[in-house]
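Written below as structure tokens is the structure these notes are about.
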Amino acid sequence: MTTAAFTAGTEARFAVARHVADTVLFEGYVLYPYRASAAKNRLRWQFGVLVPPSWSAATEEHDLQLTECLMEPRTGAELAVELRFLRAQRRTVEELRPDGTFTPTGELHLADRLLVDWDEGVEERVTLVAAVGDLRGDGTVLPFTRPAAEEVEEVTDPDGRLLGRLVRRREEVSGTLRISATELDGPYRVERLSVTVENTSTWTAGQDADRHAVLPHSLVATHVLLRLDEGSFLSMTDPPEWAGGAVAACRNLRTWPVLAGEPDHDDLMLSSPIILEDHPAIAPESPGALYDATEIDEILALRTAALTDEEKREARGTDARAAAVIELADTMPPEVLERLHGAVRSLRTVTGPPKPAGNVLEPETPWWDPGGDTGVDPGSDHVLVDGRAVRAGSRVVLRPRLRRTDAQDLFLDGRGALVEAVLHDVDGGIHIAVTVEDDPGADVRREQGRFLYFQPDEVEAREEA
């Protein structure tokens with residue numbers, strides 16, 4: 001086992017996986033409107049938080065994360081591991097007093113920004129390279145510690161006059177990385193790889209301690225990158241049929257491993273506290289990190305650009321990453337914003353290669369023109385339900401419980417509804433657009449064309465009065 005630097009080949013492969021891993025590391029780091037004073041930015045660090053054991057024992061939060069996945073290493077293969085997490089670095093704002101001393105003030109007004117107290121995220125990495133053969137049995141254990149530290153940054157005005165300072169403090173954090181491999185019985189040479197990340201910090205919570213106090217002693221957004229130099233990993237989401245039982249026997253606690261990197265490669269694995277699909281990738285239309293994947297990039301960019309000057313001043317002073325988002329929104333060219341409006345990737349093989357326009361799909365002609373298709377008419381088309389023709393104007397009873405595709409739809413079970421249209425999609429599917437009876441907003445929904453959609457086996461036809 002060695003903790004030496006990765007080889008050039010391993011570093012290049014991990015660099016590919018980090019494009020997505022960085023979004024895991026900073027997901028939710030600072031949310032729109034990117035100001036520390038916003039309510040949604042006062043409860044932070046929601047993903048992959050491993051707290052000290054003393055806090056875990058007293059709360060429902062956890063101090064360890066377990067990944068198990070399957071691999072097919074070749075003889076003499078080496079496994080490279082990169083554990084990544086953030087440390088919450090507590091930044092406080094102090095102003096200069098007339099007597100030359102500094103005192104905490106909470107905020108400091110500058111010409112272009114408003115500096116405020118804030119927890120910054122400092123990226124940490126723990127690396128390990130080991131021969132797969134050395135991981136069998138008890139495996140290997142790698143303890144690590146990041147010491148406490150304090151940094152001071154002076155704050156001056158444009159003329160160089162000292163106004164105050166930023167004091168950044170990091171607490172000591174300790175942890176353990178445990179890795180082992182077990183050969184499985186069967187006709188194939190498959191091994192189960194186990195990776196445990198544990199917070200072993202000795203910090204003890206005081207009587208009045210809260211989550212804000214424990215965060216500087218925690219591992220935040222914890223995730224693991226794995227790479228085999230010779231061999232491959234098996235998909236845990238869509239394994240080959242022969243490996244189904246072995247995959248089901250794997251345990252993954254507070255994380256989920258997926259194949260990373262290019263779709264035609266299987267040497268990389270990303271174990272993330274956010275569930276992803278195999279070979280996740282950043283959309284080529286994305287102009288940069290916005291740290292809020294629960295929103296749509298286009299909406300975020302437009303809303304951010306529309307913030308007031310005072311709101312932007314506070315965002316710039318909240319965090320360097322928030323300041324970068326403000327700059328991105330303010331300087332985004334119209335053609336980049338247009339790309340955020342959406343892309344249909346599934347049509348690339350139908351429409352042929354796109355014209356060179358920055359990854360924007362622009363087919364010569366639409367592959368299907370709904371306005372020119374005279375074979376469908378949502379206003380008059382019908383479908384048989386319980387032997388009765390259901391069309392626009394028919395009344396039905398909703399029975400979404402038959403499919404249970406949407407938890408919200410279950411509240412509509414048994415409700416009466418008016419059919420607004422019967423729609424046929426290009427794959428031959430039939431969808432019934434309805435408005436719910438006694439819905440006070442039905443007229444507004446109808447005017448805007450905003451309906452609820454159900455399939456024929458999710459409704460019952462009602463006899464006409």
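The values are calculated or read from the model by the stated rules, or taken from the named source; none is laboratory data. Bear in mind that the values here come from a model prediction, so they are computed numbers and not experimental data. Neighbour counts run over all protein chains shown; Cβ positions are idealised from the backbone, glycine included. Keep in mind that these areas ignore ligands, DNA and RNA; they rest on the heavy atoms of the full protein, side chains included. Shrake-Rupley method; radii C 1.70, N 1.55, O 1.52, S 1.80 Å.
A few comments on the model shown:
- Yes/no for Leu64 being crowded, with 18+ Cβ neighbours inside 10 Å and in contact with a helix residue (DSSP H, G or I) (Cβ under 6 Å, 6 or more places away or on another chain): no
- Only one of Gly121, Gly76, Gly100 that is in a loop (DSSP other than H, G, I, E, B) and open to solvent by less than 60 Å² (accessible area, probe 1.4 Å): Gly100
- Within the stretch 7-20, not a single residue is charged (D, E, K, R), under 15 Å from Phe85 (Cα atoms), open to solvent by less than 60 Å² (accessible area, probe 1.4 Å) and in contact with a strand residue (DSSP E or B) (Cβ under 7 Å, 6 or more places away or on another chain).
- Some residue of the stretch 156-171 being in contact with a strand residue (DSSP E or B) (Cβ under 7 Å, 6 or more places away or on another chain), aliphatic (A, V, I, L, M) and within 18 Å of Phe85 (Cβ to Cβ): no
- Among the residues of the stretch 446-459, those that are surrounded by fewer than 16 Cβ atoms within 10 Å (Cβ to Cβ) and of a type outside the set (Ser, Thr, Tyr) comprise Arg446, Glu447, Gln448, Gly449, Arg450, Gln455, Asp457.
- Within the stretch 130-139, being outside any loop (DSSP other than H, G, I, E, B) and open to solvent by 20 Å² or more (accessible area, probe 1.4 Å) holds for Ala131, Gly133, Asp134, Arg136.
- Scanning the stretch 428-465 for residues that are within 24 Å of Asp386 (Cβ to Cβ), outside any strand (DSSP E or B) and among the acidic types (Asp, Glu) yields Glu437, Asp438, Asp439, Asp457, Glu458, Glu463, Glu464.
- Filter pass, Ser37 being assigned to a loop (DSSP other than H, G, I, E, B) and in contact with a strand residue (DSSP E or B) (Cβ under 9 Å, 6 or more places away or on another chain): yes
- Selection within the stretch 44-60 - part of a loop (DSSP other than H, G, I, E, B) and either farther than 22 Å from Glu124 by Cα or without any contact (Cβ under 8 Å) to a residue 24 or more places away in the chain (or both): Gln46, Thr59, Glu60
- Just one of the listed residues (Ala12, Ala21, Ala38) is free of Cβ contacts under 8 Å to residues at least 12 places away in the same chain and under 24 Å from Asp119 (Cα atoms), namely Ala38.
- Tally, over the stretch 164-199, of residues that are surrounded by fewer than 18 Cβ atoms within 10 Å (Cβ to Cβ), among the aliphatic types (A, V, I, L, M) and at pLDDT 95 or above: 1
Residue by residue, here is whether (1) surrounded by fewer than 14 Cβ atoms within 10 Å (Cβ to Cβ); (2) modelled with pLDDT of 90 or more; (3) β-branched (Val, Ile, Thr) holds:
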| position | (1), (2), (3) |
| --- | --- |
| Pro378 | no, no, no |
| Leu384 | yes, yes, no |
| Ala392 | no, yes, no |
| Val396 | no, yes, yes |
| Pro400 | no, no, no |
| Asp406 | yes, no, no |
| Asp409 | no, no, no |
| Gly414 | yes, no, no |
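- The residue that is surrounded by the fewest Cβ atoms within 10 Å (Cβ to Cβ), among those in the stretch 416-431 that are in contact with a Ser or Thr (Cβ under 9 Å, 6 or more places away or on another chain) and in contact (Cβ under 8 Å) with a residue 40 or more places away in the chain, is Val422.
- Scanning the stretch 219-248 for residues that are under 20 Å from Glu82 (Cα atoms) and within 20 Å of the chain's Cα centre (by Cα) gives Leu219, Val220, Ala221, Thr222, His223, Val224, Leu225, Leu226, Ser235, Met236.
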